[in-house]
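A.B. asks: My questions all concern the structure below.
The values are calculated or read from the model by the stated rules, or taken from the named source; none is laboratory data. These numbers come from a predicted model, not from an experiment. Cβ sites come from the backbone with ideal geometry, for glycine too, and all protein chains shown count toward neighbours.
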Amino acid sequence: MKPSFHVISHTHWDREWYLTFEQFRFRLVELMNGLIELLETDPDFEVFHLDGQTIVLEDYYEIHPENKERLEKLIRAGRILIGPWYLQNDEYLTSGEATIRNLQTGITMSRQIDREMKVGYLPDQFGNISQMPQILRGFGIGNVVFGRGYDNFNKHKEQEFLWEGADDSRITAIFMPNWYNNAQRIPEEPAKALKTLQLIQARIDERKQTNNYLLMNGVDHLEAQENLSGILKGLRETLGDEAEILHTTLEEHIRRVEAELISPTVQKGEMRAGDDYHILAGTLSARVYLKQENVKAQDLLEKWIEPLAVWARMSGFGSYPEAYLTYLWKSLMKNHPHDSICGCSQDEVHEHMMDRFKAFGEAAQEVLHRQALSLLRGIGREGMGEDDQLIAVFNPSTLPMTGWIEQSIDFQEKDGVTSFRIVNAAGVEIPYQIISHTRTRKQRLSPINLPTELPVNRYLIGIVAEEVPAQGYTSFQVIPHQEPVKAPKHQHNAGCLENEFISVTVNANGSLNVLDKVTGVLYENQLTFVDEADAGDLYVFQHLEGAQTLTSADLKAQVLAVNTVAEGYQAVEIRWHWELPESLAAEGTSRTDGKVAYAIKATIGLLRHARHLDVCIELNNTARDHRLRIRFPMQHAVPGTLAGGQFDVLRREASDGKPYTRHANSLPNWKWAAAGWEQGMAVFNKGLHEYELTEDDTALDLTLIRSVGTIFGRPNPLPHENDDNPLGQCQGAYTFELALRPFGPSDNAAVLAREAEAFHHGLRSYTLPVREEKWAAGRPWVQDSEIGGLFSRRDPDAGKPRLPREASFVTLQGEGVVLSAVKKRLGGPETAIRFYNALEVPTSAKLTTAQGISQAWKADLMEQPVEELRVEHRQVKLQMKPKEIVTILVHTV
């Protein structure tokens, strides 16, 4: 059979990287203008791929809206291919939900133009997650074309194979061993064009399984090769019947490969094989401030706004903010491209990202506040006085949660409130702690009255909210002018914390000995800080030969007890005063002799009945060119690690990654990682994605900060003119939140995953006065006249049945089940509830809602129904395969 050469014209479009978004957009506009002109004037230039993205259309239309019709005409004709992605995200640094919303957005935009490319195109992601085959299958995509994470040089020789995901979903996989520019620009001179073709053929022949050759004509930010159609015509004339030369699409290439692929090999699980500069694992920890902002933003959308909006909608209070959620998701995803969230771009790029995070947060917090107020206004006020206030504590977890809550309560100064009681939903008074008391002016805003200010006494209080219902809330009544019950301060030994599950002793150097009272296992010297030089760049950590690794093991720590009136909560504060080398020396071959003060404070907290130990670390990163990690030693070598993943719990061997040339065998985690499989220590965290099994597999090291100031830092005698990026050094104050959770054989992977999710999003509280009109003051609309007063509107919820003082809206049960999303169905009125089986064995799930379920369907990942489910007793039961992702659409009674 003669060879078939498939020329794929494309560009790989990073929205921002070594230039800012606007600088790159200027080039994008030139590319798009030229592409439209080329396709309209050269009918023989058949097709061009826009990198599997749709966001480039939005970016272009902002500059040239008048060209929308011309461009979409070419897309409808199949001359330009878009989607299925909104943008090329990083898979490990964004949530599984974010990847699904990315595809939902890209496919929706593509279908609006009646042209959807059904190719899982992942050209430059720094590794690929284990559940990508199942995710793509959920969108009707049975293939992937990718460029990193597959060892096609040592371990495997095939570039075409079947990729099996965590749940056994299989898709056709095509790896690009010679990158997505192996035919970057084909020479116009016939002899050189033929020679180029022969060189490409020789390289592919080593690995191909079929007679189809993939020629990727383009690369990062390149415009279409304007003379390509003539070159291909010349090659066809030169080769005649010896070969087939096609200017074609990835879809057609895959179709032909699948038709010829006989007995393909099967590769299972995540794709993270390769050396340092192949998987670029240092991006897991580069510019940690970006990672921290991103997980906060994702929690706001996934765990707070969407569920609370569904609860309010289920209860008949408020409306679902669908348009705003579309806007917020798109706003957040603009920070998700792999060169953006990975932190490996110019400083200016990441400054703009932080601006986008800030703007996102302002909008998201406002939307969330409105949803919370809708629910608060729906809670019944029976037995409450007009001057009382209501605090509601919300819990989006599928687990009942107990947590420490800090909430501001305002009393109008004219009321002279000097004391107040707090009563829980059962009518029982609870103790609270006054953290601060200030006098201030509270701004009052109204859509129908002019703004005003009210003098208030503001109390910031702390309470322990006990057993807040899963996927629901509890409430507290604040009663002014009543003396609270006197609660004694709870004092404890500064060096010891204990509840029925955990006992903690603080060592002289500040490390912790943690006894798991369930298994009887003692974990010694937890929370030891490890610092070492980093001679690498924003892509890759590199050891500095001969440099000493420093640890806090030799330091003398200061340990202080934290007294609290909150019953059942213990805390201790630990302080370290360290000196670290200031930076690398000028020549980069050693650390400087000069030292900088490096102070670290950790607050350790333990709640009654808690299975984990809270750890809050505060530090000022004054050193440069270094990596700071926390070490969690085990009693002996462990067989491997568990790690939270995107719709998965990864069970990694201790040897994973060690055959490759890596300065650090950095591994990704999503919200948690654990040393050991059946027994060990799990570390929950917020925004710390990099860990490593070290010390001969006896310790888990979690990276806090990696400080480097270069992108192009690979050895070179000449400096790079644009490679001074001081913000990559991450100087300044940081706060890190994590938790230590010892576990044993009775704690399966799903238990740890659910607890890690709950720790990650926590609890939130909001307050509302019983008599809101008392706080609705405004300024008169006709000043200094007899015409004044306030305007009011009819309460749209008047007469509706009230909500109880505490309630649960959605109940999801199952041994292996982990909740991912509670939201309104994409394009439909139903509620969509998405969850997955974290176990490697089948499990069962049971789903119900507060009102009960009347109808239910199993859906694909576009949230289109594929199978109606049986509803019995207003609930749905179903069996789940190992690692299966399930989306259920429900109508409530």
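A.B. asks: Residues to consider are Ala183, Ala166, Ala191; find the one that is farther than 18 Å from Gly83 by Cα, at pLDDT 95 or above and out of contact with any Leu (no Cβ under 9 Å at 6 or more places or on another chain).
C.D. replies: Selected residue: Ala191, the only one of Ala183, Ala166, Ala191 that is farther than 18 Å from Gly83 by Cα, at pLDDT 95 or above and out of contact with any Leu (no Cβ under 9 Å at 6 or more places or on another chain).
A.B. asks: Which residues, counting only those in the range 847-893, are part of a loop (DSSP other than H, G, I, E, B) and not charged (D, E, K, R)? Before the answer, list the steps.
C.D. replies: We begin by selecting, within the range 847-893, every residue part of a loop (DSSP other than H, G, I, E, B); these are 850-852, 860-864, 870, 873-874, 881-884, 893.
Selection gives Ala850, Gln851, Gly852, Leu861, Met862, Gln864, His873, Pro882, Val893.
A.B. asks: Mind checking which residues of the range 687-708 are surrounded by fewer than 24 Cβ atoms within 10 Å (Cβ to Cβ) and not in a strand (DSSP E or B)?
C.D. replies: Hits for the range 687-708 are Gly687, Glu695, Asp696, Asp697, Thr698.
A.B. asks: To continue, here is another question. Kindly indicate whether Ser707 is among the hydroxyl-bearing types (Ser, Thr, Tyr), within 30 Å of Tyr836 (Cα to Cα) and under 23 Å from the mean Cα position of the chain (by Cα).
C.D. replies: Judged against the criteria, Ser707 is not a match.
A.B. asks: Let me ask something else. Just the residues that are surrounded by fewer than 16 Cβ atoms within 10 Å (Cβ to Cβ), without any contact (Cβ under 8 Å) to a residue 60 or more places away in the chain and within 29 Å of the chain's Cα centre (by Cα), please, taken from the range 866-893.
C.D. replies: Hits for the range 866-893 are Val866, Gln879.
A.B. asks: Within the range 433-480, which residues are more than 23 Å from His761 (Cβ to Cβ) and part of a loop (DSSP other than H, G, I, E, B)?
C.D. replies: First pass over the range 433-480, keeping only residues more than 23 Å from His761 (Cβ to Cβ): 433-434, 436-459, 477-480.
Across the range 433-480, the qualifying residues are Leu445, Ser446, Pro447, Ile448, Asn449, Pro451.
A.B. asks: For the range 275-320, which residues satisfy the criterion of being over 18 Å from the mean Cα position of the chain (by Cα) and either surrounded by fewer than 21 Cβ atoms within 10 Å (Cβ to Cβ) or under 30 Å from Gln542 (Cβ atoms) (or both)? Full working, then the answer.
C.D. replies: In the first step, residues of the range 275-320 are kept if they are over 18 Å from the mean Cα position of the chain (by Cα); the result is 275-280, 308-320.
Across the range 275-320, the qualifying residues are Asp275, Asp276, Tyr277, His278, Ile279, Leu280, Arg313, Met314, Gly316, Ser319, Tyr320.
A.B. asks: Restrict the check to the range 776-792 and report whether at least one residue is surrounded by 19 or more Cβ atoms within 10 Å (Cβ to Cβ) and not basic (Lys, Arg).
C.D. replies: no
A.B. asks: How many residues are assigned to a loop (DSSP other than H, G, I, E, B) and either buried (at least 19 other Cβ atoms within 10 Å of the Cβ) or among the aliphatic types (A, V, I, L, M) (or both) if we restrict to the range 160-176?
C.D. replies: Step one: filter the range 160-176 for residues assigned to a loop (DSSP other than H, G, I, E, B), giving 165-169, 176.
Those left that are additionally either buried (at least 19 other Cβ atoms within 10 Å of the Cβ) or among the aliphatic types (A, V, I, L, M) (or both): 165-167, 169, 176.
Qualifying residue count, the range 160-176: 5.
A.B. asks: Only one residue in Pro668, Pro633, Pro639 is in contact with a His (Cβ under 7 Å, 6 or more places away or on another chain) and either modelled with pLDDT of 95 or more or within 28 Å of Thr99 (Cβ to Cβ) (or both). Which one?
C.D. replies: From the options Pro668, Pro633, Pro639, the qualifying one is Pro668.
A.B. asks: Which condition does Glu884 not pass, out of (1) acidic (Asp, Glu); (2) out of contact with any strand residue (DSSP E or B) (no Cβ under 9 Å at 6 or more places or on another chain); (3) closer than 25 Å to Glu757 by Cα, if it passes all the others?
C.D. replies: Of everything listed in (1) acidic (Asp, Glu); (2) out of contact with any strand residue (DSSP E or B) (no Cβ under 9 Å at 6 or more places or on another chain); (3) closer than 25 Å to Glu757 by Cα, Glu884 misses just condition (2).
A.B. asks: Of (1) under 19 Å from Leu250 (Cα atoms); (2) in a loop (DSSP other than H, G, I, E, B); (3) of a type outside the set (A, V, I, L, M), Trp17 satisfies all except one. Which?
C.D. replies: All conditions pass for Trp17, except number (1).
A.B. asks: So Ala859 ticks every box in (1) touching a Lys or Arg at 6+ places or on another chain (Cβ under 8 Å); (2) surrounded by fewer than 18 Cβ atoms within 10 Å (Cβ to Cβ) but one. Which box is left unticked?
C.D. replies: Ala859 satisfies all of (1) touching a Lys or Arg at 6+ places or on another chain (Cβ under 8 Å); (2) surrounded by fewer than 18 Cβ atoms within 10 Å (Cβ to Cβ) except (2).
A.B. asks: Also, I was wondering about something else. Over 30 Å from Asn499 (Cβ atoms), buried (at least 16 other Cβ atoms within 10 Å of the Cβ) and modelled with pLDDT of 90 or more - does that describe any residue in the range 564-571?
C.D. replies: No, that holds for no residue.
A.B. asks: While we're here: Checking the condition assigned to a helix (DSSP H, G or I), under 28 Å from Cys342 (Cβ atoms) and of a type in the set (Asp, Glu), which residue from Glu116, Glu40, Glu22 passes?
C.D. replies: None of the other options fit; the residue is Glu22.
A.B. asks: Determine which single condition Ser263 fails, assuming it passes every other condition in (1) hydroxyl-bearing (Ser, Thr, Tyr); (2) surrounded by fewer than 20 Cβ atoms within 10 Å (Cβ to Cβ); (3) within 19 Å of Tyr180 (Cβ to Cβ).
C.D. replies: (3)
A.B. asks: Can you go through Ile135, Ile129, Ile200 and tell me which one is more than 24 Å from Ile279 (Cβ to Cβ), crowded, with 18+ Cβ neighbours inside 10 Å, modelled with pLDDT of 95 or more and assigned by TED's automatic domain parsing to the domain that holds Thr249?
C.D. replies: Numbers: Ile135 fails: more than 24 Å from Ile279 (Cβ to Cβ); Ile129 fails: more than 24 Å from Ile279 (Cβ to Cβ).
So the residue among Ile135, Ile129, Ile200 that is more than 24 Å from Ile279 (Cβ to Cβ), crowded, with 18+ Cβ neighbours inside 10 Å, modelled with pLDDT of 95 or more and assigned by TED's automatic domain parsing to the domain that holds Thr249 is Ile200.
A.B. asks: Next question. Which one of the conditions (1) at pLDDT 95 or above; (2) among the small types (Gly, Ala, Ser); (3) surrounded by fewer than 21 Cβ atoms within 10 Å (Cβ to Cβ); (4) within 20 Å of Gly728 (Cα to Cα) does Ser590 fail to meet, given that it meets all the rest?
C.D. replies: (1)
Yes/no matrix, rows are residues, columns are (1) touching a residue at least 60 places away in the same chain (Cβ under 8 Å); (2) farther than 16 Å from Ala739 by Cα; (3) of a type outside the set (Val, Ile, Thr):
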{"site": "Ala664", "(1), (2), (3)": "yes, yes, yes"}
{"site": "Trp670", "(1), (2), (3)": "yes, no, yes"}
{"site": "Glu690", "(1), (2), (3)": "yes, no, yes"}
{"site": "Thr703", "(1), (2), (3)": "yes, no, no"}
{"site": "Gly709", "(1), (2), (3)": "yes, yes, yes"}
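A.B. asks: Now for a separate question. Determine if the range 744-751 includes at least one residue that is assigned to a loop (DSSP other than H, G, I, E, B), closer than 30 Å to Asp347 by Cα and among the small types (Gly, Ala, Ser). Please lay out each step first, then the result.
C.D. replies: Residues of the range 744-751 that are assigned to a loop (DSSP other than H, G, I, E, B), as a first pass: 744-748.
Next cut, closer than 30 Å to Asp347 by Cα only: none.
Checking the range 744-751: not a single residue is assigned to a loop (DSSP other than H, G, I, E, B), closer than 30 Å to Asp347 by Cα and among the small types (Gly, Ala, Ser).
Table: residues versus (1) over 20 Å from Asp747 (Cα atoms); (2) over 26 Å from the mean Cα position of the chain (by Cα).
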| site | (1), (2) |
| --- | --- |
| Ala597 | yes, yes |
| Thr603 | yes, no |
| His609 | no, yes |
| Asn620 | yes, no |
| Glu653 | no, no |
| Pro659 | yes, yes |
| Ala699 | yes, no |
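A.B. asks: Would you please name the residue that is surrounded by the most Cβ atoms within 10 Å (Cβ to Cβ), looking only at residues in the range 66-107 that are among the acidic types (Asp, Glu) and more than 30 Å from Arg272 (Cα to Cα)?
C.D. replies: Across the range 66-107, the extreme among qualifying residues is Glu72.
A.B. asks: Another question, then. Pick out, from the range 198-310, the helices (runs of 4 or more DSSP H) lying fully within it that include 2 or more residues that are of a type in the set (A, V, I, L, M, F, W, C) and under 30 Å from Phe736 (Cβ atoms).
C.D. replies: Once the helices (runs of 4 or more DSSP H) in the range 198-310 are filtered for at least 2 residues that are of a type in the set (A, V, I, L, M, F, W, C) and under 30 Å from Phe736 (Cβ atoms), what remains is 288-299.
A.B. asks: Just one of (1) out of contact with any helix residue (DSSP H, G or I) (no Cβ under 7 Å at 6 or more places or on another chain); (2) over 27 Å from Gln646 (Cβ atoms) trips up Arg802, so point out which.
C.D. replies: Unmet condition: (1).
A.B. asks: List the residue pairs whose Cβ atoms are under 6 Å apart, where the first residue sits in the range 293-305 and is more than 14 Å from Asn395 (Cα to Cα), the second is among the aromatic types (Phe, Trp, Tyr) and assigned to a helix (DSSP H, G or I), and the two are 6 or more positions apart or on different chains.
C.D. replies: Taking only residues 6 or more apart or on different chains, the pairs are Glu293/Phe357; Ala297/Phe360.
A.B. asks: Considering only residues that are touching a residue at least 40 places away in the same chain (Cβ under 8 Å), over 25 Å from the mean Cα position of the chain (by Cα) and closer than 28 Å to Ile107 by Cβ, which ones fall in the range 850-865?
C.D. replies: Across the range 850-865, the qualifying residue is only Ile853.
A.B. asks: Give the range 504-541 a look and list any residue that's assigned to a loop (DSSP other than H, G, I, E, B) and crowded, with 19+ Cβ neighbours inside 10 Å, or say none.
C.D. replies: Filtering the range 504-541 down to residues assigned to a loop (DSSP other than H, G, I, E, B) leaves 507-511, 517-520, 527, 534-541.
Within the range 504-541, Gly510, Ser511, Leu527, Asp534, Ala535, Gly536, Asp537, Leu538, Tyr539, Val540, Phe541 qualify.
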